[in-house]
Amino acid sequence: MLDRAALAAGLARIADHMEQAAEELNALDGQLGDGDLGVTLVRGGRAVRELLPALPEDLGQALMQVATAFTRSSGSSFGTLTATGLLAAAKALKGRDRADWSEIAALLDAARDAMQARGKAALGDKTVLDALDAAARAAEGRAEPAAIQAAALAAVDATMDRMRPQPARIGRARIFGAKSEGLDDPGMRAFRHMLAALTPP
Amino acid sequence: MLDRAALAAGLARIADHMEQAAEELNALDGQLGDGDLGVTLVRGGRAVRELLPALPEDLGQALMQVATAFTRSSGSSFGTLTATGLLAAAKALKGRDRADWSEIAALLDAARDAMQARGKAALGDKTVLDALDAAARAAEGRAEPAAIQAAALAAVDATMDRMRPQPARIGRARIFGAKSEGLDDPGMRAFRHMLAALTPP
Amino acid sequence: MKKVLNDPFAYVDEMLEGLVAAHPGHYRQTGAQGRVIARAQPIRPGKVGVVSGGGSGHLPVFTGYVGPGLLDACAIGDVFASPSVEQMADAIRSANGGAGVLRLYGNYGGDIMNFDMAGDLVAMEDIACTTVLVADDVASAGRAEAEKRRGVAGMVYAFKIAGAAAEAGLDLAGVTEAARRAAEACRSVGFALSPCTVPQAGRPTFQIGEGEMEMGMGIHGEPGVWRGPLKPADAIAGEMLDMLLADRPVSGPVSVMVNSLGATPPEELYILYRAVKARLEGAGARIVMPLVGRYATSMEMAGASLTLCHLDDDLERWLAAPCDCPFWRV
Amino acid sequence: MKKVLNDPFAYVDEMLEGLVAAHPGHYRQTGAQGRVIARAQPIRPGKVGVVSGGGSGHLPVFTGYVGPGLLDACAIGDVFASPSVEQMADAIRSANGGAGVLRLYGNYGGDIMNFDMAGDLVAMEDIACTTVLVADDVASAGRAEAEKRRGVAGMVYAFKIAGAAAEAGLDLAGVTEAARRAAEACRSVGFALSPCTVPQAGRPTFQIGEGEMEMGMGIHGEPGVWRGPLKPADAIAGEMLDMLLADRPVSGPVSVMVNSLGATPPEELYILYRAVKARLEGAGARIVMPLVGRYATSMEMAGASLTLCHLDDDLERWLAAPCDCPFWRV
Ligand SMILES: Nc1ncnc2c1ncn2[C@@H]1O[C@H](COP(=O)(O)OP(=O)(O)O)[C@@H](O)[C@H]1O
Ligand SMILES: Nc1ncnc2c1ncn2[C@@H]1O[C@H](COP(=O)(O)OP(=O)(O)O)[C@@H](O)[C@H]1O
Ligand SMILES: [Mg+2]
Ligand SMILES: [Mg+2]
Ligand SMILES: [Mg+2]
Ligand SMILES: [Mg+2]
């Protein structure tokens, strides 16, 4: 059951994990862009952690606050896209105190659609959208959080393996064209880190 | 006898000689300043050579034209000082077609005074003024051009030897202070070149 | 890194503090984290607001052009980084005189997402927003993909013309259309001779050999069209003109901007302008209000850009209208 | 040498051609070898003329400051070299409105000899001339030898104040006295981070290590007071203020100029200004009309200078009077 407690616990785990993942993400982003992705996520995580003690019961309002915290903490693309996805999920959950794990796929789809509209990237462009979509497909038809997580991680890994040889077509990394072939998209790796962080201790 | 022919011949020889001395003077000036002294003299020499075919009989007018040619050809200190000295000599010879070699010392003194007034340097400051003054003293009481030239050259050499260890106190070279100790003043060397060039072939 | 600064992470905030302190009659610092610069005087009710925003390190772009006849407000990011959504929303709010706000900025992905999302936020406060993107750098994409081009010095013309249209009392649709025509009218290309250093990164954005130049390089060091030995000024000017005129031939009056990327001194810009003018006038063009100077820079990067702004009667009038900021007065 | 130019020996002439082509409403090229820039409009009869002159490579100094409320004409030498006597005489002639001409320029030996001799020439044409030398660089000589100091950015204040006094109708003695007071009121010091290259020489004027700065260096690369590791902006600002205030404490209102030597971008100047202002106002000073930008440069040299101009009522009024040139408008 996804309720305030579960949401808060998950967000706290993600926020913690970002402190460790930051260096790796900065370095990867630095090979293709401005090297700020880890910083973006650490800042976002810290802003979110401040919300947790007073997170509203209403899941929609809770996610809305998380989205806003993200937009405040930086101007980087990944931050804004994450906030956009969170806002979409917030709209879907507005007025509800709890959700079933079986709704995860639909929430991920809603987030993906909003992010696609915001960033004008297509599926297949080797961005965080592809990871999100892979996770949504893996979650489809599943209702047990550990199973969803395991399936989503496997699907994201497979997607990253498949897309790794492609050149980047979106964002700053596009400028480097061929140099991005053979490298993971930093946003996908960031999403995988978030997913992996969700494992309960 | 200094008349138009002698003046024109002397100026032509100086102008010719400058083309050869330029590199050495640029290099010396370059160690302590902007390295343009040779260029200044070549430009001045070329401007003067153009005057020679139509040089006036009046020695005053002739030297005035030479001075003006110098002021036109560059803005460097040595050019302006040379023009200043020539103007002083021109004033002294105004209205005369000829002068005796015994007047050279007085003409050099007039030039030196005007240059001193223009450039605010004192004798002993290690500038062209010291060479000029040494030449004037050597010319004093002599009336034969070859003897004047020989005595002046010896006096200028002695002055350069004596002043070489001193630091420069005037012009750009002053900035370099100690670096100028042990080096000849470029303007003195330029004057010596002019003097040496006067030897009839 | 040879820069005059204190803490690299305080670079932008200290810079803005100094900017406003030096020009209190022109600018006011406001908004989220002080990252909005607005005109010293609040917006006249009924006037359409014109806002811009983007990363720091390009003065006078963007912030410098806040002033009468130009922008109403600007959101400022870290060096070469987009401002946050909140900062942009605050810029829009401070430029709201009740007649709507035009968002006018360069075509960079991060800025677009953030300004769009900022628009969603202020829409809830009933502020109507429109968008015009400046995409004038012909070296960054071909004619067929002109909408993918980066925005560079052409922004300055767009700010000027949109600002004049807003000052003239046009409504939001009218100001937006003026800005769109201005952006459409501009073609730019630049070349770099040396890199610059983003303070927080501490090392140059790219490397370039002693005798080399790069034609078509972007203002953040994005790769250009070719890299090779430094050419004479007249050849560089001719090649840039060739690229701009191939994209759009001159058919009426043009304004010309010869812009330093930062370190290149005005002496060299005038040498370039001499060649540009001779070539353009030789081809029968009428040059209107040439701009030679530092209008859109990348800190201490050496190099220059050339912009042509193809004018019609309206654009020429708006370009000639008065404007006032510490970096440009007409 | 990484400069945008054609023939290095044509650098100055092509630059002037471009300057006048870009600003035909402001400048007119005249005089011996075209090396005089005068205002586009001939001098108003009865107005005292104000001329300056000096080597190229310092734009906007000297030439840039020709315009209403500023200079009437300027003689231009090669880069870092004095104009010739003829060129200076022509500048004086073109600034002659029958009421005499003030020669107002920096304290450099070659310029002095040439301007003096030019004065001798025009004296024969019955043009009365006076001279005021600007010698504001406190790093170039101690207080006891203040008359030996070089002229640097303080020149800009002297041009502005003398220009305003002349525009206000003062006679030659009055304009000269205004200029003398302005020159006397200015104290400057600068620091360099990187050299520049004189086009005809083709190599940098000096060498400086990667992490080094030189405090007190002259605008042609003349050695300074110390060379050492680059300090934080606030420390540099504090040290420069210490030097200026030791030479003359603040007793009334001051104008402050934070000036880039060329490559140093405005972002860094604002960071410096922030520190200067805090310190000065903390000591109770009233800052009038701060100037932050590129006012007196050495082409692409990196570094900056700080000038204090100590004002009284007259100087403050003249400083605030209108002026107009492409580089500065009040
Ligand atoms: N327009 C876009 N659509 C989808 N994803 C994007 C887009 N732009 C960037 N991203 C994702 O964001 C990641 C980079 O994020 P970030 O470092 O914050 O960007 P930047 O620093 O360029 O603003 C990319 O790896 C990619 O996954
Ligand atoms: N004020 C002065 N008084 C006397 N001689 C001077 C003065 N200034 C320069 N000189 C002489 O001129 C020489 C340098 O000439 P030049 O290279 O033309 O100077 P610059 O290039 O600095 O204008 C010096 O070596 C010195 O002899
Ligand atoms: Mg990034
Ligand atoms: Mg970023
Ligand atoms: Mg010299
Ligand atoms: Mg010289």
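The values are calculated or read from the model by the stated rules, or taken from the named source; none is laboratory data. Only a predicted model underlies this, so the values are computations on that prediction, with no experimental measurement involved. With ideal geometry, Cβ positions are generated from the backbone for all residues, glycine too; neighbour counts draw on all protein chains shown.
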Next on the checklist: Would you confirm whether or not region B:115-124 contains a residue that is within 14 Å of chain D (Cβ to nearest Cβ) and touching a Gly at 6+ places or on another chain (Cβ under 6 Å)?
Outcome noted: yes
Item to check | Filter pass, B:THR68 being assigned to a helix (DSSP H, G or I), within 14 Å of chain D (Cβ to nearest Cβ) and more than 13 Å from ligand 5 (Cβ to nearest atom) | outcome: yes
Item to check | Filtered residues of region D:72-103 (kept if of a type in the set (D, E, K, R) and more than 7 Å from chain B (Cβ to nearest Cβ)) | outcome: D:ASP72, D:ASP78, D:ASP90, D:ARG93, D:ARG103
Checklist outcome for this item: Filtering region C:1-39 down to residues that are within 11 Å of chain D (Cβ to nearest Cβ), in contact (Cβ under 8 Å) with a residue 24 or more places away in the chain, in a helix (DSSP H, G or I) and over 21 Å from the mean Cα position of the chain (by Cα) yields C:PRO8, C:ALA22
Checklist entry - Which one is nearest to the other protein chains (Cβ to nearest Cβ) among residues in region D:104-133 that are among the charged types (D, E, K, R) and away from ligand 5 (no atom under 16 Å from the Cβ)? => result D:ASP116
Next on the checklist: Looking only at region D:306-330, count every residue that is closer than 25 Å to C:PRO265 by Cα and in a loop (DSSP other than H, G, I, E, B) and tell me the total.
Outcome noted: 4
Next on the checklist: Is it the case, given these coordinates, that A:ARG174 is within 14 Å of another protein chain (Cβ to nearest Cβ), free of Cβ contacts under 8 Å to residues at least 40 places away in the same chain and either within 16 Å of ligand 3 (Cβ to nearest atom) or touching a Lys or Arg at 6+ places or on another chain (Cβ under 9 Å) (or both)?
Outcome noted: yes
Checklist entry - Which residues, taken from region C:94-112, are touching a residue at least 12 places away in the same chain (Cβ under 8 Å) and assigned to a helix (DSSP H, G or I)? => result C:SER94, C:GLY110, C:ASP111, C:ILE112
Checklist entry - Does region B:167-201 hold any residues that are at pLDDT below 95 and aromatic (Phe, Trp, Tyr), and which are they? => result B:PHE176
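So that you can scan it fast, the table gives a plain yes or no per residue for (1) among the charged types (D, E, K, R); (2) surrounded by fewer than 22 Cβ atoms within 10 Å (Cβ to Cβ):
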| residue | (1), (2) |
| --- | --- |
| D:MET15 | no, no |
| D:VAL20 | no, yes |
| D:GLN29 | no, yes |
| D:ALA32 | no, yes |
| D:PRO42 | no, yes |
| D:LYS47 | yes, yes |
| D:VAL50 | no, no |
| D:PRO60 | no, yes |
Checklist entry - Does D:ALA91 satisfy the criteria of being farther than 24 Å from D:LEU244 by Cβ, assigned to a strand (DSSP E or B) and at pLDDT 95 or above? => result no
Checklist entry - Any chance region D:73-88 includes a residue that's farther than 22 Å from D:LEU5 by Cβ, out of contact with any helix residue (DSSP H, G or I) (no Cβ under 8 Å at 6 or more places or on another chain) and of a type outside the set (S, T, N, Q)? => result no
Checklist entry - Looking at region C:256-268, is at least one residue more than 9 Å from every other protein chain (Cβ to nearest Cβ), in contact with a helix residue (DSSP H, G or I) (Cβ under 6 Å, 6 or more places away or on another chain) and among the polar types (S, T, N, Q)? => result yes
Next on the checklist: Can you confirm whether A:LEU28 is part of a helix (DSSP H, G or I) and within 19 Å of A:ALA88 (Cα to Cα)?
Outcome noted: no
Next on the checklist: Cβ contacts < 9 Å: first residue among the small types (Gly, Ala, Ser), restricted to region B:109-121; second residue not in a helix (DSSP H, G or I), any location; separation 6+ or different chain. Result?
Outcome noted: B:GLY119/B:THR127; B:GLY119/B:ILE170; B:GLY119/B:GLY171; B:ALA121/B:THR127; B:ALA121/B:ARG169; B:ALA121/B:ILE170; B:ALA121/B:GLY171
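To keep it simple, each residue is scored yes or no on (1) within 16 Å of ligand 4 (Cβ to nearest atom); (2) closer than 25 Å to C:GLY54 by Cα; (3) buried (at least 24 other Cβ atoms within 10 Å of the Cβ); (4) of a type in the set (S, T, N, Q).
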residue: A:LEU63; (1), (2), (3), (4): no, no, yes, no
residue: A:LYS91; (1), (2), (3), (4): no, no, no, no
residue: A:LYS94; (1), (2), (3), (4): no, no, no, no
residue: A:ALA110; (1), (2), (3), (4): no, no, no, no
residue: A:ALA114; (1), (2), (3), (4): no, yes, no, no
residue: A:GLN149; (1), (2), (3), (4): no, no, no, yes
Item to check | Selection within region B:31-65 - charged (D, E, K, R), assigned to a helix (DSSP H, G or I) and within 13 Å of ligand 6 (Cβ to nearest atom) | outcome: B:ARG43
Checklist entry - Is it true that some residue in region A:55-70 is of a type in the set (Gly, Ala, Ser), out of contact with any Cys (no Cβ under 6 Å at 6 or more places or on another chain) and farther than 23 Å from A:ALA143 by Cα? => result yes
Item to check | All positions within region C:277-300 that are within 21 Å of C:LEU261 (Cβ to Cβ) and facing chain D (nearest Cβ under 9 Å) | outcome: C:LYS277, C:PRO290, C:LEU291, C:VAL292, C:GLY293, C:ARG294, C:THR297, C:SER298, C:MET299, C:GLU300
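Residue by residue, here is whether (1) closer than 27 Å to A:PRO165 by Cβ; (2) out of contact with any Asp or Glu (no Cβ under 9 Å at 6 or more places or on another chain) holds:
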residue: A:LEU86; (1), (2): no, yes
residue: A:ALA92; (1), (2): no, no
residue: A:ARG98; (1), (2): no, no
residue: A:ALA105; (1), (2): no, no
residue: A:ALA110; (1), (2): no, yes
residue: A:ALA122; (1), (2): yes, yes
residue: A:VAL128; (1), (2): yes, no
residue: A:ASP133; (1), (2): yes, no
Item to check | Residue match in region D:170-183 (condition: of a type in the set (Val, Ile, Thr) and in contact with a Leu (Cβ under 6 Å, 6 or more places away or on another chain)) | outcome: yes
Next on the checklist: Out of the residues in region C:229-254 meeting the condition of being small (Gly, Ala, Ser) and buried (at least 24 other Cβ atoms within 10 Å of the Cβ), tell me which one is farthest from the other protein chains (Cβ to nearest Cβ).
Outcome noted: C:ALA237
Item to check | Residue ID - nearest to ligand 5 (Cβ to nearest atom), chosen from residues in region A:107-121 that are among the small types (Gly, Ala, Ser) and part of a helix (DSSP H, G or I) | outcome: A:GLY119
Checklist entry - Across region A:17-41, what is the number of residues that are of a type in the set (A, V, I, L, M, F, W, C) and within 14 Å of chain C (Cβ to nearest Cβ)? => result 4
Checklist entry - What do you reckon, is B:ALA9 away from ligand 4 (no atom under 16 Å from the Cβ), part of a helix (DSSP H, G or I) and within 14 Å of another protein chain (Cβ to nearest Cβ)? => result no
Checklist entry - Taking region B:50-78 as the region of interest, how many residues are more than 15 Å from B:LEU11 (Cα to Cα) and either of a type in the set (Val, Ile, Thr) or under 13 Å from the mean Cα position of the chain (by Cα) (or both)? => result 3
Checklist outcome for this item: Selection from region B:85-105 of residues more than 15 Å from the chain's Cα centre (by Cα) and assigned to a helix (DSSP H, G or I) yields B:LYS91, B:ALA92, B:LEU93, B:TRP101, B:SER102, B:GLU103
